[in-house]
1. Where residues in segment 118-140 are within 17 Å of residue 205 (Cα to Cα) and out of contact with any helix residue (DSSP H, G or I) (no Cβ under 8 Å at 6 or more places or on another chain), which of them is surrounded by the most Cβ atoms within 10 Å (Cβ to Cβ)?
2. Restricting to segment 96-115, name every residue that is surrounded by 20 or more Cβ atoms within 10 Å (Cβ to Cβ) and either outside any helix (DSSP H, G or I) or touching a helix residue (DSSP H, G or I) at 6+ places or on another chain (Cβ under 7 Å) (or both).
3. Output the number of the condition that residue 186 fails; it satisfies all remaining conditions of (1) touching a residue at least 24 places away in the same chain (Cβ under 8 Å); (2) over 13 Å from residue 68 (Cβ atoms); (3) in contact with a strand residue (DSSP E or B) (Cβ under 7 Å, 6 or more places away or on another chain); (4) not in a strand (DSSP E or B).
4. Can you confirm whether residue 105 is more than 26 Å from residue 220 (Cβ to Cβ) and touching a strand residue (DSSP E or B) at 6+ places or on another chain (Cβ under 7 Å)?
5. Could you say which residue among 167, 174, 202, 161 is assigned to a helix (DSSP H, G or I), closer than 30 Å to residue 81 by Cβ and in contact with a strand residue (DSSP E or B) (Cβ under 7 Å, 6 or more places away or on another chain)?
6. I'd like to verify a number: residues in segment 118-133 that are assigned to a loop (DSSP other than H, G, I, E, B), closer than 19 Å to residue 211 by Cα and touching a strand residue (DSSP E or B) at 6+ places or on another chain (Cβ under 6 Å), how many?
């Protein structure tokens, strides 16, 4: 391989460096409006009575309202266009000298690739991630032609962030998970030694339905919090 994720043909459709699992060619439509209205405020989750985006100054709603739930609706399905837009957002991420080290594998629930990715997840993550609409594996290329790729991790992190913002624009939620067997993912996707799996990103709609395991609903109800701004800054704003 020379820098792209190659999957067995039973899983693959799309471009050379992004591979998808596609269940039966079914066409799907989104059931939620895009989160695009400026100044929009609403509960971040169905569990809230007030917005939890308590930022120190107003932010763009797509950023302020973003969060990472675990309670996903099993009835939600992604369309071809939605799934493609998520990986396209990652594709257009800026990178060091435009080296674009990220590689992606995307699979919707109901495909062989989706099930195989679930099998690589930690036990707790399997509990909730098998319910999601799609799983996207993010890989970064740490070496190319025998040379280290500078900022490979940083650039791939940006790709994940761009993908997450696009998910919010579609009215969806994204949850990035690190609890998976990296060796198993590398074997599954036939990765080169220089290709490092970083995260598995869950995509879908949030739900508080009773079929969501109680421990998951409890976690989703926990407060959304960040360190105070003065703890993040290395020096006062100047």
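1. Ranking the candidates gives 132 first.
2. Correct list: 100, 101, 102, 103, 104, 105, 106, 107, 108, 109, 111.
3. Among (1) touching a residue at least 24 places away in the same chain (Cβ under 8 Å); (2) over 13 Å from residue 68 (Cβ atoms); (3) in contact with a strand residue (DSSP E or B) (Cβ under 7 Å, 6 or more places away or on another chain); (4) not in a strand (DSSP E or B), the lone unmet condition for residue 186 is (1).
4. yes
5. 167
6. 3
FYI, it's all coordinate maths here, none of it is from the lab. Just so we're clear, the structure is a prediction, and the values are computed from it rather than from any experiment. So basically every Cβ, Gly included, is an ideal-geometry build from the backbone, and we count neighbours across all protein chains shown.
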